[in-house]
Structures are given as structure tokens and as C-alpha cells.
Amino acid sequence: MQTQLERLRDVMAPYPWAYTLTVLAGLLLLAWLANLVTKRVLLRGLRSVLQRTPLGGAQHDHEVRLRVIPRLANVVPALVLSAGISIVPDLPPQVVTVVKALCQVFVVVTIALAVSQALDAINRNYERRPEAQNKPIKGYFQVAKIIMFVLVGISVVATLIGAEFLHIVTGLGAMTAVLMLIFQDTILSLVASVQISNDGRVRIGDWIEMPSQNADGDVIDIALHTVTVRNFDRTVTTVPTKKLVSDAFKNWRHMSEGGGRRIKRSLLLDQRSVRFLEPDEIARFRRFTVLDGYLDRKDEELRAWNAALAERGAEPVNHRRVTNLGTFRAYIEHYLRNHPDINQDLTMLVRQLQPTETGLPLEVWAFTSSTAWGVYEGIQSDIFDHLLAILPEFDLRVFQSHSDAPVEVNLRRLDDTGPAPAADARPPRAAPPLPAPDAG
């Protein structure tokens, strides 16, 4: 090939710049052909091999083909340019050095990005396994990527300034203590920002709740050092970015995206109002169409149970009977099952909690179809309005403590002689008798 280049140079001797441009164009064409061959032949075969592995199956083929493989293919033309730039005649040495350095930087960064995306693909494949929930490996991959990109950054700096990699590492080691002391907050905030943007734990527009920082509202800005939250009382709170990594907070984004907002509220019932139902009362409850299935199922179940007791000669006191509280629970559950604003695909419970001195809590656990705050509050209020209004039909009472305010009794009445004295007015005390005069 050297002979052909010398002949070409002799032909273009009158035009030295033309020879330089011709060789440079040939080098670029060779790099393009190398890239084409790599993508069409070599990497196509590599992809077919990956498809036989868990990493390159049908679920990951699109990702591997569109992300990892093109990045690896871009390494080849960079290597061709780095190796062939030296044979281009009449180029200044500085240009050759810069081109080689840039090609080397491009190769290192490209390989690092490809490795990073390959690690992400491996992690996503692992997360589909049953044991991934208890043994996540995402943190290990994140640490590996941080170390890799730190080394890549040092390598890029060393290549661009023409220094040795080990010399840069040694110099940074000596300055680490000083840098950590001076830029401690900045470094922590930078690491936190990278982690937040990488795992998506907080995004602009999210509703977050962080009582330790008096933050309860929407995220309106994410900066290096602070995350700005506009609270629902229209005040603004700035939370240090590192706090979102080190401290606990609640993000309501998944609730908004999940298609339901939870109702978790209890009715406090007076336990003294819980009792068995008589047969005529059970027949009266059949007016509620939502209770037909429950009452029929209970009637069949209790008949079989009580018949078995009767065969053994058990006393009637051992019989099972329907209660007004159990019937009310069944009514609430069927009412929620037929409510148009309740999400039927999410958890729904009507349960008793531990009785306390304030009564027996009967808790409703359900999810509304709308996650909008105002709509949610309206649906919840309508449900409990109905439950409180229908409660007397089941002969149940809510428990409510009496106020300690004094009872005001007014016994005034009007007659011809004027208003009567107040009930608490005391009669006038009789005047003491005058002492008798001395006899003398």
C-alpha cells in the first residue's frame, strides 16, 4: 500500500494539497466502510449469539440492537482514524496528536456507555426473577458504574493534557482530603442529584411529603443543591438535595399514576347496640336488594350448622345466628362493590379493628377511581354520609362522647305578675329579729 501511495504522490506532486485531501478522504471512506462492515456483518452475528442468551431474548433484542450494538460499532471507525491519521502527509504534528487523542477519548467513552447500558439491561432482566425483590443488585451496578465513569473521566483528562494516568490518580489522591473539606456540601449534593436523576425517585410535578423539612406539596424545581417544593398552603420550601437521599419522604406519584386513591376511615360504633337478629328482622332486611345473596348464603350456612348441633342434642344457646353488625358489614361491602366511583380492581375491605374506650371501629378500606383531591374528598364524604344515615336501619348506634359543657336549664315563665325567678335563684334570707328592749 505504501507503493501505491508513493505513486499517487508522484502524480499529484504539482498539487501537494490535493494529495493530502485525497489521502484524508480515503481514510474517512475506509472508516465508513469499516463501520458498515462491523454493523452489517460482525455485530449482526454477535446479536444472533446474544439472542440465545437471557440478555438478548425477545424482550431485550430491541434494546440490545438499538443501544448497545451501535455504540460498540462506533468504536471501529474511531480506531481506523486513530491508526491511519499518521499516514496522511503534510499534516502538522499537533493535528495528528489531537486527532489521536480525540479518537482515544471517543473509544473509551463509547465503551463505557455501552457497558453501562449493558449493566442496565442485565439489571432489568434480573428484576423479572422472583428472588429479585428480596435480593436486588441495582445498587451494586450503580456503584460499579460510578467507579467506571470516575476512571473514564480521569483517563479522558490524562489523554487530553498528555499526562500519565497514574500521575493523575496520584495527584488526585493527595488533594482528596482538601477537596472533600472545601466542597463537602457540593460533592454530596452532586452525588445526590446524580442518584435522584438516575433512579427517578423525584421528578418535577411530583407531590412529595417530608414532615422533617415542612414540605408537603408539588416539586417545582430540582437544582444541584436544593429541591423546591410549593406547599398546598402556597408557601415554598427548599429541601437540600442530599436530604432526599439520606432522609425518608413520601412520594405520591405512584398513587396518581395507579388509578386509585385510598379511603381508610372508620365508623365508631357503640358495642352495646350489637345484637342478634330475629327472624322477622331478617325478613325485613330483604328489602335491601344488595343483601339478598348474603342473607341466602348465611341462611343456608346456619341451617346446616344448627341442624348438626340439634342431632347431637346441643342446647339452642349454642346455635349460630345472624347479627345486625355482620349484616351491616355485608351491606357496606356490597354497597362499595356497586359504587360507580370505587375502583373495583384494587383492594377493598370492611373490617373490625380493636375495640377501644371510644367504641368499636368499623373500618372501610377502598380506592376511589379518581385521584384528584377535590373529587376524592367528595366521594369519601358521600359514602360516609350514606353510611351514617343508613345506620339506624340496622339498629346500630355510633359512639360519641358527651361534651363537658354545663347543661343550661331555663325555667322562666311569663304570667300576669311578671317573670318568675330563675331556677337557680335563692330565696331572700329573712331578716334577723330585732333584739327585745331591756325591761328597765
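Quick look at the values:
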read-out	value
Lone qualifier among Gly173, Gly205 - being small (Gly, Ala, Ser) and either at pLDDT below 85 or part of a helix (DSSP H, G or I) (or both)	Gly173
Subset of the range 209-252 (residues that are surrounded by 15 or more Cβ atoms within 10 Å (Cβ to Cβ) and out of contact with any strand residue (DSSP E or B) (no Cβ under 7 Å at 6 or more places or on another chain))	Ile222, Lys242, Lys243, Val245
Inter-residue pairs, beta-carbon under 9 Å, first over 17 Å from Gln104 (Cα atoms) and in the range 157-173, second modelled with pLDDT under 75, 6+ apart	Leu172/Leu179
Residues of the range 215-257 that turn out to be within 23 Å of Ser369 (Cα to Cα) and part of a helix (DSSP H, G or I), as a count	5
Which listed residue, of Arg261, Arg303, is out of contact with any helix residue (DSSP H, G or I) (no Cβ under 9 Å at 6 or more places or on another chain) and not hydroxyl-bearing (Ser, Thr, Tyr)	Arg303
Among (1) surrounded by 12 or more Cβ atoms within 10 Å (Cβ to Cβ); (2) at pLDDT 90 or above - the single one Arg321 does not satisfy	(2)
Residue list for the range 266-297, restricted to those being closer than 19 Å to Arg337 by Cα, surrounded by 11 or more Cβ atoms within 10 Å (Cβ to Cβ) and among the basic types (Lys, Arg)	Arg286, Arg297
Matching residues in the range 360-381 - criterion: being assigned to a helix (DSSP H, G or I) and touching a His at 6+ places or on another chain (Cβ under 9 Å)	Ile379
Residue within the range 269-288 that is part of a strand (DSSP E or B) and either touching a Cys at 6+ places or on another chain (Cβ under 7 Å) or not assigned by TED's automatic domain parsing to the domain that holds Thr356 (or both) present	no
Some residue of the range 129-143 being at pLDDT 80 or above, closer than 30 Å to Ala34 by Cβ and either in a helix (DSSP H, G or I) or within 41 Å of the chain's Cα centre (by Cα) (or both)	no
Filter result for Leu91 (assigned by TED's automatic domain parsing to the domain that holds Asn74 and not in a helix (DSSP H, G or I))	yes
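The values are calculated or read from the model by the stated rules, or taken from the named source; none is laboratory data. Quantities reported herein were computed from a predicted structural model and do not represent experimental measurements. All Cβ positions, glycine included, derive from the backbone under ideal geometry; neighbour counts span all protein chains shown.
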